[in-house]
Amino acid sequence: MRKGQVMNLIKTMPLAASPCPAVRDPAEIRDRHTPMLTDESRLQADSVKTIYFPRSVEEIAGAFQELREGGMTCVISGGRTGITGGAVPIGAHAVISMERMKGISALDREGERFFVRAEAGVTLKELEEELARRAREGGPALWFPVDPTERSAQLGGMAATNASGPRTYLHGSTREWIRGLAMVLPDGSLLKVRRGDVQAEGLLFRIAGVDGVSRDILLPDTAMPRVKNAAGYFIRPGMDLVDLLVGSEGTLGIIAEIEFRLEEKPEATLGILIGTKDEEAALDLVEAARKAKDIPLQAIEYFDPDSIRLLNERKREEGNGSALPEFPFHGGAAVYLEMAGPEPMMEAAGGRLESLLLSLGIPADRTWAARDERDLERQKLFRHAVPETVNAWIGRRKQAYPDLHKVGTDFAVPDSALRKMFSLYRRGLREKGLQSVVFGHIGNNHVHVNVLPRNMEEMEEAGELYLKWAHAAVSLGGSVSGEHGIGRLKKDLLKIQHPPDVLEAMRLLRKAFDPAGILAPGVLF
C-alpha cells in the first residue's frame, strides 16, 4: 500500500460523454433487432425505445447521459447466453449492447505470468482464436481456462455473471482470472481498478462520485457459502473491490474492459467418459477420483442413467443421420473425467486412472478415451447433447401445453452433502412420479436436475419440489445458484439464500452505485 493511500476509497473519473450510435425506430427494432429483446431464458420483452451500440467508454457515458436526462432505465446486452433473463429488457426503456466493443490488447508479461485486456464485446471464441493466431506467429501458446460451454459468450457478460463451467473444478470461475477491469457507472464516470488497489475496511467501502459527494457502501454482514456460488453479490470482510464488481449481474455499472490472467496452454488433454453400472457406482467413482491427488483432473462431470437413455432414444430416432457419436455403453450412468498437462504427465496419469477404475470394478470396455482434437470435440458433442435434447423434448410438449417449461436446478453443496442431496432429489422425484435427467458439474457437487413435466399439474409439483430442494441446499451449507446467477427468474431463491436484512443491505449497496435506479430494473431484487 502506498503511503497515505486510503484503501477503501473507490475513486471514479469523469468521462467526456460522446454521442452513442443507437436505433430508435420501433419497426427496425422489431424487424432487425428482435434478438435484443430476449436471451436463452426464453423470456421476451415486447419492445424498447432505444438500443445503443457503444464503441468506447465515452459512448457508454453518452448513452447514460441520455438515459438520465430522459428518466429512462436500461439493461446490458452481451452474448445473451444466460438462462435467468438478466439481459431481457422487461420493464426497461433501453438496451445497451456491447457487441461493437471488440478490442484486444497486446500481451502484458510479468515474470512468468501473462495478462491480456479485452473489451466487453469480445466473445470467448474470438479471444481463443486471437490467442491461437498470435501463437502461430511466434508468440507463447496461451489459453483462458474458464469454459462456460458457450463459446459465443461475451467476456463482459462472463465477468458480469462470474461464468464458470466444467473446468471450474480445477481452475475456478471467471473471478479468479480477472486482475482488473474498467466499469462505466450510471453517473457517466469511469471506475478503473486492479486487484490490490481498493479493499474494504472490514465491511466498508467509500465511493467518491464525480459530483464531489462521497457515499459509504456498507457491505452486508453475512457468511457466504463455501461452495460454487453465484447467488447475489460476493461479500467478504476486507474484500477486494474487483471481487464485488465481478458477478454483479449488470446492476452496479457496465463492465467495458477486463484484464485477464492467462496460462500456458497444456501440451496434451485427455478426456475419458466412463460408464458405471448405476448412480451409486458413479458417486463412488467421483469420490475416489477426488481423493486421487496424483491424477491431475480439471473436470469431473456426471450423466445419470436417464440422461444416457435420453440420448440413446434420440440416436435411435435420428437413425444413421444422427450427429451423435456412437456410445461405448448403453446402460447405467456415466462420469466424464478430464485432465491436461505435459504429454508424459498425461501418460502416467492415464495409467494411474486405469488402476483406479480396476480397483472399483469398472472394466476397460466401459470407457471412451479421447486425446486428439477430433475425438475431444466428439465427446463435447455428447456432453452438450443432453441439455439440447431436453429442450427439444420440452419444445414438443409445449405444443399441447404452451406454458409448459422444464424445471432445472442450479444448486451446489459441500462435498460432505453430495450424497444427501442426491438422496433428496431421488426421493422427491420418485414420490411425485416425475420424469427427469440429472447431469452436470459433480466435481463441485453442482449437478442440474432437469424435471421434464408432461403436463401443467406435473410442472406445479416440480416447482414445489424445486423450492424444497433449495431450502435443503442452503441448510446444508450450499448455494441456490452455483453458476447461472439470479437474474429475473430466481429472485425468490435469493430470499432463501439470504435473510431480509442482508437483502436490504444489498439493495443499499446497489443504490450507492446507481442512485437513480437506471440499471437492470427487476434483476436480483
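Quick look at the numbers
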{"read-out": "The lone exception for Ser416 - which of (1) modelled with pLDDT of 90 or more; (2) in contact with a helix residue (DSSP H, G or I) (Cβ under 9 Å, 6 or more places away or on another chain) it fails", "value": "(2)"}
{"read-out": "Matching entry among Arg117, Arg175, Arg133 (being modelled with pLDDT of 95 or more, among the basic types (Lys, Arg) and within 11 Å of the chain's Cα centre (by Cα))", "value": "Arg175"}
{"read-out": "Qualifying positions in the range 47-78 - surrounded by fewer than 22 Cβ atoms within 10 Å (Cβ to Cβ), out of contact with any His (no Cβ under 8 Å at 6 or more places or on another chain) and among the hydroxyl-bearing types (Ser, Thr, Tyr)", "value": "Ser47, Ser56"}
{"read-out": "Options Val23, Val6, Val48: the member that is among the β-branched types (Val, Ile, Thr), out of contact with any Ser or Thr (no Cβ under 9 Å at 6 or more places or on another chain) and at pLDDT 95 or above", "value": "Val48"}
{"read-out": "Residue that is farthest from Leu170 (Cα to Cα) [pool: residues in the range 448-469 that are touching a Leu at 6+ places or on another chain (Cβ under 9 Å) and touching a residue at least 60 places away in the same chain (Cβ under 8 Å)]", "value": "Leu452"}
{"read-out": "Residues satisfying the stated conditions in the range 269-285, i.e. out of contact with any Gly (no Cβ under 7 Å at 6 or more places or on another chain) and touching a residue at least 40 places away in the same chain (Cβ under 8 Å)", "value": "Thr269, Gly271, Ile272, Leu273, Ile274, Glu279, Ala281, Ala282, Leu283, Asp284, Leu285"}
{"read-out": "Among the residues listed as Ile96, Ile104, the single one being surrounded by fewer than 22 Cβ atoms within 10 Å (Cβ to Cβ), within 27 Å of Leu124 (Cβ to Cβ) and in contact with a helix residue (DSSP H, G or I) (Cβ under 6 Å, 6 or more places away or on another chain)", "value": "Ile104"}
{"read-out": "Inter-residue pairs, beta-carbon under 7 Å, first buried (at least 24 other Cβ atoms within 10 Å of the Cβ) and in the range 512-525, second part of a strand (DSSP E or B) and modelled with pLDDT of 95 or more, 6+ apart", "value": "Leu519/Cys74; Ala520/Val75"}
{"read-out": "Near pairs, Cβ below 6 angstrom, 6+ apart or cross-chain, from the range 494-506 (polar (S, T, N, Q)) to any residue that is in a helix (DSSP H, G or I) and surrounded by fewer than 20 Cβ atoms within 10 Å (Cβ to Cβ)", "value": "Gln497/Val474"}
{"read-out": "Criterion violated by Arg179 - all others in (1) closer than 23 Å to Ala230 by Cβ; (2) of a type in the set (D, E, K, R); (3) not in a strand (DSSP E or B) satisfied", "value": "(3)"}
{"read-out": "All strands (runs of 3 or more DSSP E) inside the range 54-118 with 3 or more residues being of a type outside the set (Lys, Arg)", "value": "74-77, 94-97"}
{"read-out": "Residue in the range 279-292 that is modelled with pLDDT under 95, surrounded by fewer than 21 Cβ atoms within 10 Å (Cβ to Cβ) and not in a helix (DSSP H, G or I) present", "value": "yes"}
{"read-out": "Given (1) touching a residue at least 12 places away in the same chain (Cβ under 8 Å); (2) in the same structural domain as Pro35 (by TED's automatic domain parsing); (3) more than 18 Å from Gly250 (Cβ to Cβ), index of the condition Gly103 fails", "value": "(2)"}
{"read-out": "Flag for Arg24 being of a type in the set (Lys, Arg) and out of contact with any helix residue (DSSP H, G or I) (no Cβ under 8 Å at 6 or more places or on another chain)", "value": "yes"}
{"read-out": "Residues satisfying the stated conditions in the range 125-168, i.e. in contact with an Asp or Glu (Cβ under 9 Å, 6 or more places away or on another chain) and hydroxyl-bearing (Ser, Thr, Tyr)", "value": "Thr161, Ser164, Thr168"}
{"read-out": "Residue among Arg383, Arg378, Arg374 that is in contact with a Pro (Cβ under 6 Å, 6 or more places away or on another chain) and at pLDDT below 90", "value": "Arg378"}
{"read-out": "Those residues of the range 349-371 which are modelled with pLDDT under 90 and aliphatic (A, V, I, L, M), in sequence order", "value": "Ala364"}
{"read-out": "Flag for Ala299 being modelled with pLDDT of 90 or more and over 17 Å from Phe422 (Cβ atoms)", "value": "yes"}
{"read-out": "Single match in Ala208, Ala182 (criterion: in contact (Cβ under 8 Å) with a residue 40 or more places away in the chain and either crowded, with 20+ Cβ neighbours inside 10 Å or touching a helix residue (DSSP H, G or I) at 6+ places or on another chain (Cβ under 8 Å) (or both))", "value": "Ala182"}
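Residue-wise test of (1) without any contact (Cβ under 8 Å) to a residue 60 or more places away in the chain; (2) exposed (fewer than 13 other Cβ atoms within 10 Å of the Cβ); (3) part of a helix (DSSP H, G or I).
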position: Arg374; (1), (2), (3): yes, yes, yes
position: Val386; (1), (2), (3): no, no, yes
position: Asn391; (1), (2), (3): yes, no, yes
position: Ala400; (1), (2), (3): yes, yes, no
position: His405; (1), (2), (3): no, no, no
position: Ala417; (1), (2), (3): no, no, yes
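To keep it simple, each residue is scored yes or no on (1) surrounded by 14 or more Cβ atoms within 10 Å (Cβ to Cβ); (2) touching a residue at least 12 places away in the same chain (Cβ under 8 Å); (3) within 24 Å of Lys277 (Cα to Cα); (4) not assigned by TED's automatic domain parsing to the domain that holds Ala385.
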{"site": "Glu301", "(1), (2), (3), (4)": "yes, yes, yes, no"}
{"site": "Arg314", "(1), (2), (3), (4)": "yes, yes, yes, no"}
{"site": "Ala323", "(1), (2), (3), (4)": "no, yes, no, no"}
{"site": "Ala333", "(1), (2), (3), (4)": "yes, yes, yes, no"}
{"site": "Pro342", "(1), (2), (3), (4)": "no, yes, no, no"}
{"site": "Ala348", "(1), (2), (3), (4)": "yes, no, no, no"}
{"site": "Gly351", "(1), (2), (3), (4)": "no, no, yes, no"}
{"site": "Ser355", "(1), (2), (3), (4)": "no, no, yes, no"}
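The values are calculated or read from the model by the stated rules, or taken from the named source; none is laboratory data. Quick caveat: nothing in here was measured; it's all calculated off a predicted structure. We place every Cβ from the backbone using ideal geometry, glycine too, and count neighbours over all the protein chains shown.
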